[in-house]
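Working notes for the structure below.
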Amino acid sequence: MNSIVTFLWNDGYRDYFPEHANALAKDIKKHCFFPYRFICVYDQINPKGFDLDYVEPVKLPESAQWTRKLKNPGSARLPSSYRRLWAFSEEAKCLGERILLLDIDCLVVSDLNPLFDYSDADFVGWKPRLEFPNKIPREKEPKRLGGGTWLLKTGTHTFIWDTFTEKRAKEARQAKWRGSDQGWLSYNLADTCVCWPKDMGIYNNQETRLWGKKIPDNAKIIHFNGKIKPWHPDSKEKKWYPKIKTNFVER
């Protein structure tokens, strides 16, 4: 069966809790009617907060605990998401045959089934139009892979996990690939992997400043990269936000 997977941890950089996984799971269930598992891989969190009617909690295994200590090679002030690379391990077959990775702080606003159906490739990536520092290129083809959404046939591309070390993470940064897990993925896969087309409907929050009161017809996922999250008051001030029926609420 296909799975939709998110990762949850709370290391003091940004605060995430089981209620955020619950909200994402409920938003997905509202829009998606194909068979799937919704899995939250967690650590440093009391699992009693998960709504088991919507979320299947999976504890980050001991084999991946070392990734918790790694810092973003760009700056210790930036998020470090290396835990998510465990999904490329042989051990992660327990998550399902194909997994769609989602950031826990994204909005799902329509059916995700087309993301699974687009290609039968072992890995399908997303190349955000938004490039550092928050500029939206109009003509240039994006290069890097986004860490917030990708599709993987588990048990493939296991070299992503098997060859990963702190030294290799710095190697990717020296090669000009930004980010933590997305830097490593880009370093290894960006030049060769299948990617969803630009019109697949995956957006970053910063792009929404170009919207009025209506989201694009093709919108499926809105990523809230940065400090502003879908449950923050600043997000709710956007003209299009009141039309989105979401389970995210301010803590």
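Observations on the model:
- Annotation: the residues R37, R129, sorted from fewest to most other C-beta atoms within 10 Å of their own C-beta, follow the order R37, R129.
- Student exercise, the chain dipole from Lys, Arg, Asp, Glu Cβ charges, in Debye to nearest 20: 1000 debye
- Between W231, W150, W177, the residue with the greatest mean-square fluctuation in the GNM of the chain (Cα pairs under 10 Å linked by springs) is W231.
- Exposure proxy shown here: for C193, C40, the number of other Cβ atoms within 10 Å sets the order, fewest to most, as C193, C40.
- Exceeding the 19 Å Cα-Cα cut-off - candidates K30/K153; K26/K220; K48/K245; K220/K243; K26/K48; K127/K198: K30/K153; K48/K245
- Beta bridges by DSSP in the chain, antiparallel share as percent, to the nearest 5: 35 percent
- Hz values of 3J(HN,Hα) by residue in segment 210-222 - Karplus curve (6.51, -1.76, 1.60), Gly and Pro given as x: 8, 8, x, 8, 10, 6, x, 4, 8, 4, 10, 9, 10
- Net charge contributed by nearby residues that have their C-beta within less than 9 Å of Q44 (K/R +1, D/E -1): -1
- Label-point gap, in nm, between L78 and K213 - each point 7 angstrom along Cα→Cβ: 3.9 nm
- Phi-derived couplings, Karplus 6.51 cos²θ - 1.76 cosθ + 1.60 at θ = phi - 60°, listed residue by residue for segment 23-35: 5, 4, 4, 5, 4, 5, 4, 5, 10, 10, 10, 8, x Hz, with x used for Gly and Pro.
- Least to most buried among V58, V41 (fewest other Cβ within 10 Å first): V58, V41
- For E56, the residues whose amide H sits under 5 Å from its own are F38, I39, C40, ignoring neighbours fewer than 5 places away on the same chain, with H placed 1.01 Å from N.
- The chain - percent relative contact order, Cα under 8 Å, separation 6 or more: 21 percent
A short reminder: the numbers here are calculations on the coordinates, not readings from a lab. None of these values were measured; they are calculated from a predicted model. Positions of Cβ are backbone-derived with ideal geometry, glycine not excepted, and every protein chain shown enters the neighbour counts.
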